[in-house]
Structures are given as C-alpha cells and as structure tokens.
Amino acid sequence: MRKLSAVIVLMFLLSGCKSDERILERLGMVQTSSYDLSEDQRLKVTSSIPVVNPESESRRELLLVEADSIKEARLLFSRKTELFVVSGQLRNVLFGLNLTKAGLGDYVDTLMRDPSVALGVRVSVVDGDAGTLLSKNYKQHADTGQYVDHLLEKEGGSNSIPQITLYEFSRDYNDDGIDPIAPIIKETEDHVAIEGIACFEKDRYRMKIPAADGMIFALLRGGLKQGEVALNLGEDGGRKRIVMFSSLVSQRKLKVIRSENPPFRVKINVQIQGSVLEYTGSLRLQNKAERQELEHEISAKLSSEGNQIIRNLQQHHVDSLGIGQYVRNSLSHRAWKGTDWSKVYPSIEIEFHPKVIIKDYGKYN
C-alpha cells in the first residue's frame, strides 16, 4: 500500500513539472529593447530576439508593437510570435530622444520592479528614433543589438562614456543631490556612433555633453582609472601644438564653502597623472622646468574646458556631477530640506582646479 501511494505521488510530481519546462528553441530571449514615443503619444516598443536555429538565414527576430505600457507590450508580443518571450537575457534598453524629453521615470521604475530583468541592464539614449536604429541592419554586424552592446562596452571601458545601468539611473533619479546621465548614440548611414553623454534633470533629458568632452566630464564627475585625451594647446610659429595624454588616473576632492551670496561656493580639485603619448610642441620634456611648463599648460586647458562644461550644466539646471550630494552632507537634515536645491544650484560658484603630473613622456629629444 505504501509503495502504491509513493508511485501515485511521483506521477503527480512528474505531471506537474510539465507546465514549468522551458525548451530553449521555444524561448524568445530578448537581448535588446527600444522604447519610443509614437505620434499619438503611445509607447512604441521594439525588441530584438536572437534566432538559435542554425538553419535560419536570419540571426534575429524583431518584434514591434504600440502599447500603453511596457507590460502590455509584452502581452502583445506573445500574439506575434510562436516563441515564449522572456526578459532574463536583456542586456540593453534604448530610449528614443522624444521619450526621454517626456520623462523616463515610470518606464525605468517598471523595469526595476520586474524580477526577470537584471539590475545591470545598460541604459542608453538614441538621438532620434531608437526603434529605427535597432531595426536597421549594418554591414559586418549580423545582430544590431549585439553590435550596440559591444560598442557601449568598449567605449565605457575606456572611460570615454559612462556605463549606466538601470540600477544606477534609478538610484540617481531618486537621489535629491544628483541627476542621472546615460550615453547617447546615433544612427548613421553605415554604423552607430557615440554622440556623447545625455544629461537629465530628474527623469527628463535636458542637454548633451559632446563625445569629445567625455573624458573631461569623467574627470569632473569622479575618479578616473584609465583614459586618454587629446588637447589643442594653441599654435607655435603657425604650427598646432597637440598633446596626447594617456593612461590617465585621477582623484577628485570636492570642497563646499558656506558664504552669504551665493550661499555656497564649491571647489573641485582633481589630481591627474598620465603619460604623454604624443606632443608636437617645442618644449623639451626631458627638461624638468619645461616639462612642468607643459603640465601647467595642460592644467589650464583642462580647467578652461571643464569650467565651461560646469557653466553649461548649471544653465540647463542639471546637476550631473552630484554637487548637491556634497552640499547636503555639509548641512543638517533640516537645513537641507529647507533648501530649494533646484533653484540654488544654477547660481552657486563652482570652480574646477585640475593639477596635472606627467609621470612618463617616452623618448623626446
């Protein structure tokens, strides 16, 4: 009797497992999704799903729907494919520029609450229509979603653009002392290009830091472990003086000074060490005095461009550098809550003071 009961229980367990089985060939594992605002103000969602069938001519399947929410879009996807659509392999979410201007808060929150979506999913902005970029086929790239993923990973690894995840975007959005950022890319005729860094006021896109200024922005925002920057130091006898500064390592110290008018002054002191990879000027770098002269010139150039970036951020009411976090830490909780940071921030004095140290300069005569 006991053996019979055990057999019956085992049969029920085996039959119950049938509903939970997932056959790989039947799964549509979304790797990249894009979100845009349609002309009638609905959410336009495009998802890229790799095709695992080796006999298929296509390397991916594209699904496109218009819906009122991300969750509704997923339901509509299921009606357009024989695959069981899942988000466990999602790596990138691309937001079109129109949608970022309207606000991303609700969409990021929805993705954050989805247990199947990893917190490390990358967030990027597309200068244009994100769905159009994701749907386009580029030569030598069978899967546009993977192409964008590798591009962002490579550029993020060199610190030219930040690698922003869902968690980091949501964290900064919900922090009253810093505004979120994200890399911004753009579709061209035959490739995808890094446009720069999208800066938000809360969850709304306000301005762009050009890609050429990405490294200087990285110095302003925090510690740099590896990077390189090319600077034009003017002309000498009609010849451009260019310095290529590589292997950059930096440390940032931010100091808040209380004052009357404006109520705060902020100094951003950054010590930068690096190697001169290329230099076309007349200074002899093996000479200590002339090498120090070049250090001062590079520091002055970085200071000028960095302070211009700061002024631009303030004009757009965007605190992408997290100045508010340091001001908040210098005040009591009550004083901070009594401060309207969004109104105070654009008028405070913020100064960038870089100090450059050339640690290596190769062989120069």
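In table form, for the structure just shown:
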item: Pair list, Cβ under 6 Å, 6 or more apart: the range 236-262 residue surrounded by 10 or more Cβ atoms within 10 Å (Cβ to Cβ), other residue among the acidic types (Asp, Glu) and outside any strand (DSSP E or B); result: Ser246/Glu228
item: Which listed residue is in a loop (DSSP other than H, G, I, E, B), under 27 Å from Glu168 (Cα atoms), of a type in the set (A, V, I, L, M, F, W, C) and modelled with pLDDT of 95 or more, from Leu313, Leu331, Leu321; result: Leu321
item: Index of the failed condition, Lys202 passing every other in (1) of a type outside the set (Asp, Glu); (2) at negative phi; (3) surrounded by fewer than 21 Cβ atoms within 10 Å (Cβ to Cβ); result: (2)
item: Any hit, the range 218-228, residues being open to solvent by less than 60 Å² (accessible area, probe 1.4 Å), over 14 Å from the mean Cα position of the chain (by Cα) and within 20 Å of His150 (Cα to Cα); result: yes
item: Subset of the range 331-349 [closer than 30 Å to Val249 by Cα, open to solvent by less than 70 Å² (accessible area, probe 1.4 Å) and in contact with a Lys or Arg (Cβ under 8 Å, 6 or more places away or on another chain)]; result: Ile348
item: Checking Gln140 against (1) at positive phi; (2) loosely packed, with under 15 Cβ neighbours inside 10 Å; (3) within 15 Å of the chain's Cα centre (by Cα); (4) not β-branched (Val, Ile, Thr), the condition it does not meet; result: (3)
item: Per-region count, the range 284-327, residues surrounded by 19 or more Cβ atoms within 10 Å (Cβ to Cβ) and over 26 Å from Lys225 (Cβ atoms); result: 1
item: Subset of the range 118-135 [part of a helix (DSSP H, G or I) and open to solvent by less than 10 Å² (accessible area, probe 1.4 Å)]; result: Ala130, Gly131, Leu133, Leu134
item: Residue satisfying all of: in the range 186-199; over 20 Å from Glu228 (Cα atoms) and either β-branched (Val, Ile, Thr) or in contact with a Gly (Cβ under 9 Å, 6 or more places away or on another chain) (or both); least open to solvent (accessible area, probe 1.4 Å) among these; result: Val192
item: Which listed residue is under 15 Å from Arg221 (Cα atoms) and in contact (Cβ under 8 Å) with a residue 60 or more places away in the chain, from Ile181, Ile161; result: Ile181
item: Count of residues meeting criterion [within 15 Å of Leu231 (Cβ to Cβ) and part of a strand (DSSP E or B)] in the range 271-283; result: 7
item: Residues of the range 58-117 satisfying the condition of being open to solvent by 20 Å² or more (accessible area, probe 1.4 Å), modelled with pLDDT under 80 and part of a loop (DSSP other than H, G, I, E, B); result: Ser58, Arg59, Lys80, Glu82, Leu83, Gly88
item: Contacts under 6 angstrom Cβ, first residue in the range 280-297 being of a type in the set (Lys, Arg), partner open to solvent by less than 50 Å² (accessible area, probe 1.4 Å), 6 or more apart; result: Arg284/Glu290; Arg291/Leu285; Arg291/Ile358
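The values are calculated or read from the model by the stated rules, or taken from the named source; none is laboratory data. Please read all numbers here as calculations on a predicted model, not as lab measurements. Ideal geometry is used to build each Cβ from the backbone, glycine not excepted, and the neighbour counts take in all protein chains shown. Keep in mind that these areas ignore ligands, DNA and RNA; they rest on the heavy atoms of the full protein, side chains included. Shrake-Rupley method; radii C 1.70, N 1.55, O 1.52, S 1.80 Å.
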